[in-house]
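One structure below.
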Amino acid sequence: MSIKGRPHTWFVASLKSGDLATALAEAHELPALGLADALALVLLMADRHHPAFRLAAARWSARLVLEHRLDLEQARFAIEALTALPHHPAQAKRRLADICAHHELRNVIGLPDPAPR
């Protein structure tokens with residue numbers, strides 16, 4: 001358990017401050033990560049060029065497909081956005097923000113506001 005018994009609070013604070021090492025450590029203290037929190041961690045991993053980014057992104061996309069019942073084209077769109085993160089982060093984050101808005105994933109730390117519909 002984290003200091004003061006608030007692992008999620010410390011996890012969110014580490015994401016907001018961009019402290020990847022602490023975010024990863026705090027994530028291990030949590031019983032599970034929600035899809036929005038998991039994406040925030042993937043985004044930070046991409047920003048910091050963490051070697052496990054590709055695996056974490058693949059796992060997140062699999063969870064999105066399963067939990068939100070995406071079809072093949074929707075899955076491809078999400079995977080393309082994740083693949084683009086290291087090379088075109090602003091564009092990829094906008095696409096991911098739109099995907100999250102469509103699937104009602106809110107408050108993903110590190111994403112811009114989605115485009116208006």
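In region 46-93, which residue that is basic (Lys, Arg) and not in a helix (DSSP H, G or I) is surrounded by the fewest Cβ atoms within 10 Å (Cβ to Cβ)? My answer is ARG69.
From the list ALA56, ALA62, ALA75, the one residue that fits, being within 22 Å of ARG106 (Cβ to Cβ) and either at pLDDT below 95 or within 12 Å of the chain's Cα centre (by Cα) (or both), is ALA56.
Taken as a whole, the condition of being out of contact with any Phe, Trp or Tyr (no Cβ under 6 Å at 6 or more places or on another chain), surrounded by 16 or more Cβ atoms within 10 Å (Cβ to Cβ), of a type in the set (Asp, Glu) and on the phi < 0 side of the Ramachandran plot applies to ASP37. Within region 94-107, being part of a loop (DSSP other than H, G, I, E, B) and either more than 11 Å from the chain's Cα centre (by Cα) or of a type in the set (Lys, Arg) (or both) holds for HIS103, GLU104, ARG106. Taken over region 10-30, the residue count meeting the criterion of being within 20 Å of LEU64 (Cβ to Cβ) and in a loop (DSSP other than H, G, I, E, B) is 1.
I need a count of the residues in region 45-69 that are farther than 22 Å from ALA27 by Cα and without any contact (Cβ under 8 Å) to a residue 24 or more places away in the chain.
1
Just so you know, in region 4-34 the residues that are of a type in the set (A, V, I, L, M) and touching a helix residue (DSSP H, G or I) at 6+ places or on another chain (Cβ under 7 Å) include one that is surrounded by the most Cβ atoms within 10 Å (Cβ to Cβ), and it is ALA23.
The values are calculated or read from the model by the stated rules, or taken from the named source; none is laboratory data. Just so it is clear, the model here is predicted, and its values are computed rather than measured. Note that each Cβ is placed from the backbone with ideal geometry, even for glycine, and that neighbours are counted across all protein chains shown.
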